[in-house]
Amino acid sequence: MVMKMLALDLAGVSDDWELMAAVLAGTIGDAGVRSIVRSTILEVFRNDTSTPLASMIDIAVATSRNFETGGEIATLLFARGVHVLMAHRVSHSLWRAGKKEIALAVKAIFGRTFGTDVHPAAEFGSGIWLDHGLGFVVGETAKIEDGVSIWHGVTLGSTLKDEGPTRHPRLRRGSTVGADAVILGDIDIGEGAVVAAGSVVVTSVPPATTVAGVPAKQKTRTTASFAGFGTV
């Protein structure tokens, strides 16, 4: 019953990567598009093994932080944030391979499905936790490093005044960004820093610092360190 509700076709699924491709493609309503996208995902997985491996780490991290029962399978089936990350990793792989039109098509298809807009060129590290994923907007030159935690409605955008190759924010290792935060420009959110929900950040945030407000201002500083995740 659940598999039918999710439009999940398990025909031909014989390994984890094929299951991941089937689940991600299953989020698309149109059956014809779903079939094409599933084949595209599998091709990416076979040609760029770092992509499915990174998604498996995302799944493990999300499972460790969610309260729902069912383990990693339940996370793969039901966690929208994991699906958003998987979709971006596929489009990013295509972008790096020079298949930019296909990458943008994949981005557009899943953007409509998940209510997100994540540029295929944006760089994502390992072990990212994206809770919910709705309203997630990420610009072309943004970078999200290992072990970052992000809630829904977050924007990593430009100020429209920045030029050059780095006009979007960089979220450094282990930083946390609360729901509906807007982070703009060629700035850094330092390692282990926290951006409170609803904040607007337009200047760099030092490591291990909490900022909040509009515009965001420093609230606390902590000595907490981030152990981090291995890169893929």
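Before moving on, here are some points about what is shown:
- For segment 79-136, the C-alpha radius of gyration sits at 1.02 times the compact-globule guess of 2.2 N^0.38 Å, with N the residue count.
- Backbone geometry of segment 116-121 corresponds, through the Karplus equation with coefficients 6.51, -1.76 and 1.60 at θ = phi - 60°, to 3J(HN,Hα) couplings of 10, 8, 10, 5, x, 7 Hz, x marking Gly and Pro.
- Taking label points 7 Å from Cα along the Cα-to-Cβ direction, Val214 and Glu43 give a separation of 4.4 nm.
- Comparing mean-square fluctuations of Glu43, Glu145, Glu123 from a GNM of the chain with C-alpha springs under 10 Å, the top value falls on Glu43.
- Largest accessible area first, the listed residues Leu19, Leu160 line up as Leu160, Leu19 when surface is computed with a 1.4 Å probe on the assembled protein chains.
- Tilt relative to the chain, helix 80-96 - C-alpha long axis, 0 to 90 degrees, to 10: 90 degrees
- Within the accessible area of the chain (1.4 Å probe), percent carbon and sulfur: 57 percent
- Gyration tensor over the Cα atoms of the chain: the corresponding equivalent ellipsoid has semi-axes (square roots of 5 times the eigenvalues, largest first) of 30, 19, 15 Å.
- 1.4 Å probe accessible area per residue over the chain, in Å²: 47 Å²
- Packing order of peptides 195-205, 132-142, 81-91, highest average first: 81-91, 132-142, 195-205 (average count of other Cβ atoms within 10 Å over each peptide's residues).
- Computed from the C-beta positions of Ala60 and Arg112 and an R0 of 25 Å, the FRET efficiency is 0.35 to the nearest 0.05.
- Simple rule: put +1 on each Lys or Arg Cβ and -1 on each Asp or Glu Cβ in the chain, find the dipole, and look at Thr176, Val90, Gly125; the Cα lying farthest toward the positive end is Thr176.
The values are calculated or read from the model by the stated rules, or taken from the named source; none is laboratory data. This is a predicted model, so every value here is computed, not measured. Please note: Cβ atoms are built from the backbone with ideal geometry, for glycine as well, and neighbour counts cover all protein chains shown. Please note that ligands, DNA and RNA were not included when accessible areas were found on the heavy atoms of the full protein model with its side chains. Shrake-Rupley method; radii C 1.70, N 1.55, O 1.52, S 1.80 Å.
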